[in-house]
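What follows is a single structure, written as structure tokens, with notes after it.
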Amino acid sequence: MGEVETPLLGGTANRGLVVRVRDTVRRPLRVSSPATHAVLRHLEDVGFTGAPRFLDVDDQGREVLTYVPGETVTPPYPEWSMTDAALDSVAVLLRSYHEAVAGFAAADYEWAEPVPAAYVDGTVSHNDPNLDNIVFRDGVAVALIDFDLAGPGSGLWDVAAAIRLWAPLRPADDIHDVRRGRALSRLRRFADTYGLDEADRRRLVAATADNHVWCMDYVRRGSETGHPWFHQRWTTGESDLTARTDAWFTRQAQALQDALLR
């Protein structure tokens, strides 16, 4: 009898293809898999516990990672996940990751999705710290998962991605939970807790807007090339939300900047 495979929910690119087998996770390989496996080995070597470990490739050609126990944040969002304490813990985890990955040599690897050159400073950023890509235990963020989009970037780029999703930074009418009306305070709180320096604070608003464009272009291209889940996402509201959010960033740029620098 074969091993029991339990599908793991969340995500878009690999929806339905990620499974748990006992204390491991099996995921499809990608062109960038050697690069992400090298990052995970580096993190293990430096003692960073906030990421899965790469173990092997199984007989079906899937990468085998350690399973990280805990909860990820998927709709309907649990009350604890919307708190400032949860937000703070994401900022602390992200800072710890950036400190751990420092010194990893990225140049010899092929990566998945290049970020804008203005946001590349030698760091390998996670690039997708979405709500369902962070594992929590007892309401505290303890690990980043899904390194498929990891690649040369910067701490600033990851902070922009994280706060865009966790604040969240979008029109209030498109926020349907207790975070509505708190975008500015959560933006400032995340920057403070992460320890973002003044130079990056002055660039963060532009970075969040650019990150939104980068991310949504990735989804749009996935839709156009026939990826079923990206197509569903893009054609059932994401395209309109993207346009509204782009306009919102333009209107709110000064308010966002003031919140960071006051």
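Miscellaneous remarks
- The C-alpha atoms of the chain define a longest principal axis, and helix 33-45 lies at about 90 degrees to it.
- Under-5 Å amide H pairs with LEU55, H placed in peptide plane, nonlocal only: VAL64, LEU65, THR66
- 5 angstrom amide H check on PHE136, placed H, neighbours 5+ away: GLU71, THR72, VAL142
- The chain: calculated mean residue ellipticity at 222 nm from DSSP helix runs of at least 4, using -39500 (n - 2.57): -14000 deg cm²/dmol
- Extension reserve of the HIS176-ASP58 stretch, reckoned as 0.36 nm per residue once the Cα distance is removed: 38.4 nm
- Highest mean first, the peptides 151-163, 249-261 sorted by other C-beta atoms within 10 Å per residue fall in the order 151-163, 249-261.
- Net dipole in debye of the stretch 6-66 [+1 Lys, Arg Cβ; -1 Asp, Glu Cβ; about Cα centre; nearest 20]: 260
- If both residues of a DSSP beta bridge must be in the chain, then about 100% of such bridges are antiparallel.
- On Cα atoms only, tilt of 183-194 relative to the major axis of the chain in degrees: 60
- Each residue of the stretch 248-253 is assigned a 3J(HN,Hα), and the resulting list reads 5, 4, 5, 5, 9, 4 Hz, derived from the Karplus form 6.51 cos²θ - 1.76 cosθ + 1.60 (θ = phi - 60°), x at Gly and Pro.
- Between the helical axis of 84-101 and the longest alpha-carbon principal axis of the chain there is an angle of about 60 degrees.
- Across the stretch 51-67, computed HN-Hα scalar couplings (Karplus, 6.51 cos²θ - 1.76 cosθ + 1.60, θ = phi - 60°) run 7, x, 9, 7, 10, 5, 10, 7, 6, 9, x, 10, 5, 10, 10, 5, 7 Hz from first to last residue, x flagging Gly and Pro.
- For the stretch 129-137, backbone phi angles converted through the Karplus equation (6.51, -1.76, 1.60; θ = phi - 60°) give residue-by-residue couplings of x, 5, 4, 8, 10, 10, 9, 10, 9 Hz, Gly and Pro being listed as x.
- Amide proton proximity set for THR24, modelled H, under 5 Å, gap of 5+: TYR67
Any read-out appearing in this document is the output of simple, stated calculations on the displayed coordinates, not a laboratory observation. Worth saying up front: this structure is predicted, and the values here are computed from it rather than measured. Neighbour counts run over all protein chains shown; Cβ positions are idealised from the backbone, glycine included.
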